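Colleague: Take a look at the following structure, please.
The values are calculated or read from the model by the stated rules, or taken from the named source; none is laboratory data. For clarity, every value in this text was computed on a predicted model and none was experimentally measured. Cβ coordinates were reconstructed from backbone atoms using ideal geometry, including for glycine residues, and neighbour counts include every protein chain displayed.
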Amino acid sequence: MERKFIPLSVPNIKGNELEYVTEAVKDEWVSTGGSYIETFEKNVAEYVHVEKTVAVQSGTAGLHLALIQSGVGLGDEVITATLTFIAAVNPIRYVGAEPIFMDCDDTLCLDPIKVEQFIEEECTFEEGKLINNRSKKHIKAILGVHVFGNLLDMEKLMNIANKYNLKFIEDATEALGSYYTNGSYKGQFAGTIGDFGVFSFNGNKIMTTGGGGMILAKNKEDLDYVRYLSTQAKDDTLNFIHGDVGYNYRMTNLQAALGVGQLERLEDFIATKKANYHLYKELLESNEKVELMEFKQNIRPNYWFYALNIKGNPDIQLFIHKLQAEKIQTRPIWGLIHEQKPYKKSQSYKIEKADYYVNHILNIPCSSNLTQEEVCYVSECVKELL
């Protein structure tokens with residue numbers, strides 16, 4: 001019997017999703033109006049213990065609106081990570097601002113120590129504004145990414161943001177369901193701590209709406225205005241009166257219906273991914289050539305993506321092709337953003353660990369419908385082909 005292909009990360013749609021989507025179709029509420037949008041927003045808010053959320057077309061749209069409402073605009077700067085997907089950074093340019101790229105730490109997330117070093121060594125704080133000594137521009141925000149379901153060191157980063165009057169935007173697009181189990185933010189979910197938080201429901205995320213995203217905000221008025229901007233900034237819906245430059249960023253009712261069904265199963269997804277992570281760890285721990293990257297000890301992660309740290313001087317591309325020949329899909333970590341063509345002239349600061357990890361990290365299959373047999377097969381192939 002021919003072995004079937006094992007994908008990296010695919011949706012798991014086996015609950016009430018079809019029922020809810022069918023109901024939305026039958027009711028003919030398929031666009032950006034309909035009861036499922038409100039239900040999905042309410043259910044996610046209850047899950048992460050906040051009052052309200054705003055559903056949008058994508059995580060990228062959410063970051064764009066969060067930057068706008070943070071007051072980031074033309075000529076400003078934003079501190080962010082170089083080790084991330086480029087969709088986390090592009091919205092900074094959408095608003096006319098410039099990124100300043102920082103290194104990661106050993107969690108693959110933004111390094112708070114280097115962020116603070118950069119501010120102390122390269123900036124001046126005067127009259128409530130953080131000024132970049134090189135560019136003479138105002139740094140207005142930090143945009144940090146919770147990578148692979150791991151969590152940023154929000155205690156240190158929020159202390160920095162508060163000290164220097166910076167807005168903090170949490171890119172929690174990979175971390176829905178992850179929360180802190182001790183420390184100042186014990187019990188708080190990713191996306192609920194900064195001034196804004198953003199989730200993504202792309203097809204490869206832990207739960208999906210086929211696309212789509214969601215925004216959270218510490219300030220209710222900020223969230224209300226984000227909702228207003230996401231629906232073309234309508235002041236008078238009958239007479240087409242608009243009070244600002246708005247965006248067509250609202251989630252559709254069909255997407256929300258899918259999301260309601262997916263959210264019902266989120267904790268089951270996390271439990272499966274946790275079990276598979278620990279099985280991978282058990283099967284691979286005897287191999288000195290690889291290390292399955294740990295999640296932080298003070299969190300309950302969602303175990304979204306599993307990251308193999310391949311020791312020595314690996315040829316990642318060759319290894320990917322070898323596994324592909326065994327019908328196993330893997331991928332390298334993202335190319336560093338400060339080395340990408342649109343950002344080569346952007347400022348970066350002491351990029352060291354990211355340079356290492358970009359050449360050593362490989363993501364292996366992690367879908368929530370991955371079987372234990374498939375985990376064993378992937379593990380054996382990894383050990384045999386390295």
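To keep it simple, each residue is scored yes or no on (1) closer than 27 Å to Lys14 by Cβ; (2) modelled with pLDDT of 95 or more; (3) touching a Gly at 6+ places or on another chain (Cβ under 8 Å); (4) not polar (S, T, N, Q).
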| site | (1), (2), (3), (4) |
| --- | --- |
| Trp304 | yes, yes, yes, yes |
| Glu326 | yes, yes, no, yes |
| Pro342 | no, yes, no, yes |
| Ser367 | yes, yes, no, no |
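Colleague: Output the residues belonging to region 309-338 that are free of Cβ contacts under 8 Å to residues at least 40 places away in the same chain and either at positive phi or surrounded by 14 or more Cβ atoms within 10 Å (Cβ to Cβ) (or both).
Modeller: The answer is Gly312, Pro332.
Colleague: Read through the list (1) touching a Gly at 6+ places or on another chain (Cβ under 8 Å); (2) buried (at least 18 other Cβ atoms within 10 Å of the Cβ); (3) closer than 25 Å to Ile13 by Cβ, then give the number of the only condition that Phe295 fails.
Modeller: Phe295 satisfies every listed condition except (3).
Colleague: Going through region 300-340 one residue at a time, which ones are closer than 23 Å to Glu285 by Cβ, of a type in the set (A, V, I, L, M) and either part of a loop (DSSP other than H, G, I, E, B) or not assigned by TED's automatic domain parsing to the domain that holds Ala271 (or both)?
Modeller: Ile333
Colleague: Considering only region 289-299, state which residues are assigned to a loop (DSSP other than H, G, I, E, B), among the hydrophobic types (A, V, I, L, M, F, W, C) and under 21 Å from Leu266 (Cα atoms). Break it down stepwise before answering.
Modeller: Filtering region 289-299 down to residues assigned to a loop (DSSP other than H, G, I, E, B) leaves 289, 293-298.
Applying the additional criterion that residues be among the hydrophobic types (A, V, I, L, M, F, W, C) yields 293, 295.
Within region 289-299, Phe295 is the sole residue that qualifies.
Okay, residues lined up against (1) of a type outside the set (Ser, Thr, Tyr); (2) in contact with a helix residue (DSSP H, G or I) (Cβ under 6 Å, 6 or more places away or on another chain):
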position	(1), (2)
Ile13	yes, no
Glu17	yes, yes
Asn43	yes, yes
Tyr47	no, no
Ser58	no, no
Leu63	yes, yes
Gln69	yes, yes
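Colleague: Give region 154-191 a look and list any residue that's more than 18 Å from the chain's Cα centre (by Cα) and among the acidic types (Asp, Glu), or say none.
Modeller: If the condition is that a residue be more than 18 Å from the chain's Cα centre (by Cα) and among the acidic types (Asp, Glu), then Glu155 is the only one that fits.
Colleague: Residue check, Ala233 against (1) surrounded by fewer than 20 Cβ atoms within 10 Å (Cβ to Cβ); (2) assigned by TED's automatic domain parsing to the domain that holds Val375; (3) of a type in the set (A, V, I, L, M), all met but one. Which one?
Modeller: (2)
Colleague: While we're looking at this one, here's another question. Name the one entry in Val145, Val115 that is more than 30 Å from Ser368 (Cβ to Cβ) and not hydroxyl-bearing (Ser, Thr, Tyr).
Modeller: From the options Val145, Val115, the qualifying one is Val115.
Colleague: Let me ask something else about it. From Ala81, Ala87, which residue is under 19 Å from the mean Cα position of the chain (by Cα) and either crowded, with 19+ Cβ neighbours inside 10 Å or modelled with pLDDT under 95 (or both)?
Modeller: Values: Ala87 fails: either crowded, with 19+ Cβ neighbours inside 10 Å or modelled with pLDDT under 95 (or both).
Exactly one of Ala81, Ala87 is under 19 Å from the mean Cα position of the chain (by Cα) and either crowded, with 19+ Cβ neighbours inside 10 Å or modelled with pLDDT under 95 (or both), namely Ala81.
Colleague: Take Val30 and tell me if it is out of contact with any Cys (no Cβ under 8 Å at 6 or more places or on another chain), over 18 Å from Leu263 (Cα atoms), touching a residue at least 60 places away in the same chain (Cβ under 8 Å) and surrounded by 15 or more Cβ atoms within 10 Å (Cβ to Cβ).
Modeller: yes
Per-residue answers, yes or no, for (1) over 19 Å from Glu174 (Cα atoms); (2) touching a Phe, Trp or Tyr at 6+ places or on another chain (Cβ under 9 Å); (3) not aromatic (Phe, Trp, Tyr):
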| residue | (1), (2), (3) |
| --- | --- |
| Gly246 | yes, yes, yes |
| Met251 | no, yes, yes |
| Leu258 | no, yes, yes |
| Asn276 | no, yes, yes |
| Asn287 | yes, no, yes |
| Asn302 | no, yes, yes |
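Colleague: Let me ask something else. Here is a check on your reading of the model: is Ala175 among the small types (Gly, Ala, Ser), under 20 Å from Leu63 (Cα atoms) and out of contact with any His (no Cβ under 8 Å at 6 or more places or on another chain)?
Modeller: No.
Colleague: Same structure again: Answer yes if at least one residue in region 333-341 is of a type in the set (Asp, Glu) and within 21 Å of the chain's Cα centre (by Cα), and no otherwise.
Modeller: Yes; the residues of region 333-341 include at least one that is of a type in the set (Asp, Glu) and within 21 Å of the chain's Cα centre (by Cα).
Colleague: Take the conditions outside any strand (DSSP E or B) and on the phi > 0 side of the Ramachandran plot and apply them to Lys136. Does it pass?
Modeller: When the stated conditions are applied, Lys136 passes them.
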